[in-house]
Amino acid sequence: MSRADLSRETGLTRVTISDLIAELIADGFVAEMGVREASGPGKPAILVDLDRAGHRIVGLDLSGSDSFIGAVLTLDGDIVVRREVALPEADDVVSTVVDLARTLVGESHAPVLGIGVGSPGVVDDRGVVVTAPNFGWAGFDLEGALRGALELPVLVANDANAAVLAEYTFGSAADDVLLVKVGRGVGSGLLASGQPMRGSRFAAGEIGHVTVGTDGGPRCACGKVGCLEAWLSVPSLTARLAEASGAAARESVLRDAGERLGIALAPVVGALDVSEIVLSGPPDLLGGALADQTVATLRARTLAPSHDGVRVRMTDQGQDIVLRGAAVMVLSGQLGVS
Ligand SMILES: [Zn+2]
């Protein structure tokens, strides 16, 4: 846009816009992009845009089952550097995360706007990990620890909550969407009218240990039987598929898991009227028979015609969804861009 366009769009005076643009250019957030092709008499307008090369974002994904992944991203969420480190012992988690972040900041070749982190577990709105059993964290101020060590703005959120932000910002997600993230565990992130839902104790979307049905099922790591996670997590699906002999038996394992997911989600769809459910995880497990059966189960268990149009699809953000969601957290936290 030109300065005149911005003035019209915002209702601010030309003088105010020029002052603000000058400040933003000096801070490296805005750049002049050359002149607009002349479309009439008069001096052609100079266009300004976000200075996409002026800053970088560092994103970290701590949700992997055998590694931590980090990346340097542009303000558009494109990954320019990607690093992976093996999952450390529980005592070394923080120092490993700090080292990974430092390496990436060193490789960013531009000022770093901030560091976004997607962590497993329940995370409150100040970046305190309320509980993350995998790392032995309870009430651990991860955001504070990283900010102290790295001296940069840090934002921490649950990995599935970060993922749904990526799908919404860079993908094609609707305003009312539930993203189910399937990995070592099962979690979800929810947007209602485009706004993240956190819940009364920051645990909105924690559907992994909801028992599905009253007919038992596989035993879960939490001690209960028939949790959604016990049906659907990657380790449990992989183990049941390994025991299945033949294509029909394998499909039946996937359909079973898809049906359980549909049973778990039907009341959510009914209560919140989400228009789509996005699946994030290994496409070979989630994409085919499993997703089809989830749709069929949802249709059978919700109110037509209000809810039978709900879509179930794989994410279009691939395996870097949490990294890109972490970048969205920094964009909105540091620049107010969403
Ligand atoms: Zn459980």
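Quick notes
- From Ser7, Ser65, residue being polar (S, T, N, Q), assigned to a helix (DSSP H, G or I) and either at negative phi or touching a residue at least 60 places away in the same chain (Cβ under 8 Å) (or both): Ser7
- Taken over the stretch 74-120, the residue count meeting the criterion of being part of a strand (DSSP E or B) and either over 17 Å from the mean Cα position of the chain (by Cα) or under 26 Å from Phe135 (Cα atoms) (or both) is 15.
- Odd one out for Ala257, checked against (1) of a type in the set (A, V, I, L, M); (2) within 16 Å of the ligand (Cβ to nearest atom); (3) under 25 Å from Glu167 (Cβ atoms); (4) part of a loop (DSSP other than H, G, I, E, B): (4)
- Selection status of Asp273, open to solvent by 70 Å² or more (accessible area, probe 1.4 Å), closer than 28 Å to Gly309 by Cα and modelled with pLDDT under 95: yes
- Evaluated against (1) away from the ligand (no atom under 16 Å from the Cβ); (2) of a type outside the set (Lys, Arg); (3) closer than 22 Å to Asp159 by Cα, Ala242 falls short on exactly one condition, (3).
- First in the stretch 224-240 and touching a residue at least 24 places away in the same chain (Cβ under 8 Å) and of a type in the set (A, V, I, L, M), second anywhere and open to solvent by less than 10 Å² (accessible area, probe 1.4 Å) and near the ligand (Cβ under 8 Å from one of its atoms), Cβ under 6 Å, 6 or more apart: Leu228/Gly208
Let's see how each residue does on (1) modelled with pLDDT of 95 or more; (2) of a type in the set (A, V, I, L, M, F, W, C):
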position	(1), (2)
Asp124	yes, no
Val130	yes, yes
Val164	yes, yes
Leu179	yes, yes
Gly199	no, no
Lys224	no, no
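- Options Thr169, Thr131; residue that is among the polar types (S, T, N, Q) and either touching an Asp or Glu at 6+ places or on another chain (Cβ under 9 Å) or assigned to a strand (DSSP E or B) (or both): Thr131
- Where a residue in the stretch 70-90 is on the phi > 0 side of the Ramachandran plot and its partner, wherever it lies, is open to solvent by less than 20 Å² (accessible area, probe 1.4 Å) and not in a strand (DSSP E or B), with Cβ under 6 Å and at least six apart: Gly77/Ala327
- Among the residues of the stretch 172-196, those that are away from the ligand (no atom under 16 Å from the Cβ), part of a loop (DSSP other than H, G, I, E, B) and open to solvent by less than 70 Å² (accessible area, probe 1.4 Å) comprise Ala173, Ala174, Asp176, Gly194.
- On inspection, Glu37 passes the criterion of being among the acidic types (Asp, Glu), over 30 Å from Ala157 (Cα atoms), open to solvent by 80 Å² or more (accessible area, probe 1.4 Å) and in a loop (DSSP other than H, G, I, E, B).
- Condition check for Asp308: without any contact (Cβ under 8 Å) to a residue 24 or more places away in the chain and more than 15 Å from the ligand (Cβ to nearest atom): yes
- Within the stretch 233-253, not a single residue is assigned to a helix (DSSP H, G or I) and under 26 Å from Ala174 (Cβ atoms).
- Any hit, the stretch 154-170, residues being surrounded by fewer than 16 Cβ atoms within 10 Å (Cβ to Cβ) and more than 16 Å from the ligand (Cβ to nearest atom): no
- Count of the stretch 203-235 residues, restricted to those that are more than 9 Å from the ligand (Cβ to nearest atom), under 21 Å from Thr131 (Cβ atoms) and buried (at least 21 other Cβ atoms within 10 Å of the Cβ), is 4.
- All positions within the stretch 41-54 that are at negative phi, of a type outside the set (A, V, I, L, M) and open to solvent by 20 Å² or more (accessible area, probe 1.4 Å): Pro41, Lys43, Pro44, Asp49, Asp51, Arg52
- The condition of being closer than 23 Å to Gly106 by Cα and touching a Ser or Thr at 6+ places or on another chain (Cβ under 9 Å) holds for only one of Leu60, Leu47, Leu75, that being Leu60.
The values are calculated or read from the model by the stated rules, or taken from the named source; none is laboratory data. Keep in mind it's a predicted model, so treat the numbers as computed, not measured. As a convention, Cβ positions derive from the backbone with ideal geometry for all residues, glycine included, and neighbour counts pool all protein chains shown. Ligands, DNA and RNA are stripped out before the accessible areas are found, and what is left, the full protein with its side chains, is counted by its heavy atoms. Shrake-Rupley method; radii C 1.70, N 1.55, O 1.52, S 1.80 Å.
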